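Written below as structure tokens is the structure these notes are about.
The values are calculated or read from the model by the stated rules, or taken from the named source; none is laboratory data. Keep in mind that this is a model prediction, so the values were computed, not measured. With ideal geometry, Cβ positions are generated from the backbone for all residues, glycine too; neighbour counts draw on all protein chains shown.
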Amino acid sequence: MMTRAAVFRGVGAPLAVETIGLDAPKPSELLVKVAAVGLCRTDLHVMRGERRVAMQPMVLGHEAAGVVEAIGADVKGIAVGDHVVLTFIPGCGRCRWCAQGLHHLCAEGPRITQGPQLDGTCRRHDRDGKDVGAFCMIGGFAERTVVDQASVLAIDKDIPLDLASLVACGVPAGVGAARNRAKVKPGDSVLVVGCGGDGMNVVQGAKLAGATTIIAADIVPAKLDWAKQFGATHGVNATGEALTKAVLALTDGVGVSHSFVCIDPPATLLPAFRATAKAGNVVVTALTPDTVTEIKIPPLELFVTQKAIMGAVYGFQSPRLQIPDLLALYRRGEIKLKELITRTYSLDEVNQGYADLEAGQNLCGVIVF
Ligand code: CXF
Ligand code: ZN
């Protein structure tokens, strides 16, 4: 069949919305009609060449939710008509990590920037017959996609699919970083540097976990206002040493129990580290350009302050456990989803959506079909 898709054809170029060929699903795969797909900063890193992908052309987009239209003969537990969220790390089910239920650490994870499907071949082809890859084995910026069952999670049908797309990436990344990685406790203090899709979810995750001081830091004033609606108790518009100073001033000179680096780690890690209390946690949830190969933390400072620096991908928990849990929290009114969406776009407006993201205008932009 044919489908319209937003295709990455080269660094610095806008995504090309074109009609491509899409093969039928192989035995372990499904055909999904995409209903909504979020505009995540990770795809922007790819477009800018900051996160290298192994293949061009490639359909980007990895925060997708939709409806199953066809299934391969070996697909288990998912049926035509099911509503699904696609997971940007597959859960192969066979590796040592998946065997422990740690699908966010799946051994196949490093292959998500390669382009081909889990079986190593491609389902998409352009009009010249060239193979087209799928970012994160999803290729969600498309009307339809074919994905392996390892990348699919069925959800309840009462959840609107635009909201379901949010729990494919930013919500678990942020809420999970607070709950599962830093393990924020009641009464803790938290700093969130960068209040976009991930950071805003750290704010609401920290609130959910009972943090009583939640300092949002961003250079876009509107994001500090939004952060207060998600549970931030303070907003700081500062970077570098001024950021550290402002946070220390708000915490009696002690620093926060946990800081979260949700934007530009090369620039924000050291100020966040220094704004963190002794023995506290510094959690990195954001991508760094491939070309940046080191972080600047004086080792002696790390040693004597006894802080922990940690990474968190997918909120440090299997999306298979976490996504149903997050949807239950949403149903009970304990986390916000609707309020995360600043604007919706058509597929043809994908580049406008990324321009708005770059301009700091969006918390989450979502393409709806
Ligand atoms: C990213 C995480 C790092 C690898 C590429 C996908 N996830 C979501 O934005
Ligand atoms: Zn993402």
From the list ALA54, ALA13, exactly one residue is more than 15 Å from GLU143 (Cα to Cα) and without any contact (Cβ under 8 Å) to a residue 40 or more places away in the chain. Which is it? ALA13
Here the qualifying pairs (Cβ atoms under 7 Å; residues six or more apart or on different chains; first in the range 157-170 and more than 17 Å from HIS104 (Cα to Cα); second buried (at least 23 other Cβ atoms within 10 Å of the Cβ) and charged (D, E, K, R)) come out as SER165/GLU63
Out of ALA168, ALA154, ALA173, ALA150, I need the residue that is closer than 28 Å to CYS122 by Cβ, surrounded by fewer than 23 Cβ atoms within 10 Å (Cβ to Cβ) and within 16 Å of ligand 1 (Cβ to nearest atom). Which one? ALA150
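Mind listing whichever residues of the range 241-289 are touching a Pro at 6+ places or on another chain (Cβ under 6 Å) and within 23 Å of GLY176 (Cβ to Cβ)?
If we filter the range 241-289 for residues that are touching a Pro at 6+ places or on another chain (Cβ under 6 Å), which is where we start, we get 243-244, 284, 286, 288.
Once the filter is applied, which keeps residues that are touching a Pro at 6+ places or on another chain (Cβ under 6 Å) and within 23 Å of GLY176 (Cβ to Cβ), the range 241-289 yields VAL284, ALA286, THR288.
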Applying the selection to the range 324-369, what residues are farther than 21 Å from ILE219 by Cα, buried (at least 20 other Cβ atoms within 10 Å of the Cβ) and in contact with a strand residue (DSSP E or B) (Cβ under 6 Å, 6 or more places away or on another chain)? LEU347, VAL350, VAL366, ILE367
Could you list, ordered by first residue, the pairs with Cβ atoms under 6 Å in which the first is in the range 336-347 and closer than 20 Å to LEU208 by Cα and the second is not β-branched (Val, Ile, Thr), at least 6 apart or interchain? LEU337/LEU163; LEU337/LEU166; LEU337/TYR330; LEU340/LEU166; LEU340/LEU363; LEU340/CYS364; ILE341/CYS364
For the range 61-81 the number of residues that are assigned to a loop (DSSP other than H, G, I, E, B) and more than 19 Å from the chain's Cα centre (by Cα) is 10
If you check VAL292 against the conditions, is it in contact with a helix residue (DSSP H, G or I) (Cβ under 6 Å, 6 or more places away or on another chain), under 22 Å from LYS183 (Cβ atoms) and without any contact (Cβ under 8 Å) to a residue 40 or more places away in the chain? no
Considering every residue within the range 72-84, establish whether at least one is buried (at least 21 other Cβ atoms within 10 Å of the Cβ) and under 23 Å from PHE369 (Cβ atoms). yes
Test: ASP128 is farther than 22 Å from VAL366 by Cα and away from ligand 1 (no atom under 15 Å from the Cβ): yes
In the range 171-223, what residues are more than 20 Å from the chain's Cα centre (by Cα) and part of a helix (DSSP H, G or I)? PRO221, ALA222
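Which ranges mark the helices (runs of 4 or more DSSP H) fully within the range 268-369 that have 3 or more residues being at pLDDT below 95 and over 20 Å from the mean Cα position of the chain (by Cα)?
Of the helices (runs of 4 or more DSSP H) lying wholly inside the range 268-369, none has at least 3 residues that are at pLDDT below 95 and over 20 Å from the mean Cα position of the chain (by Cα).
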Kindly indicate whether ASP162 is assigned to a loop (DSSP other than H, G, I, E, B) and of a type in the set (Asp, Glu). no
Quick check on the range 160-180. Is at least one of its residues out of contact with any Ser or Thr (no Cβ under 6 Å at 6 or more places or on another chain), of a type outside the set (Ser, Thr, Tyr) and at positive phi? no
GLY81 vs. criteria on the phi > 0 side of the Ramachandran plot and either within 16 Å of ligand 1 (Cβ to nearest atom) or modelled with pLDDT of 95 or more (or both): yes
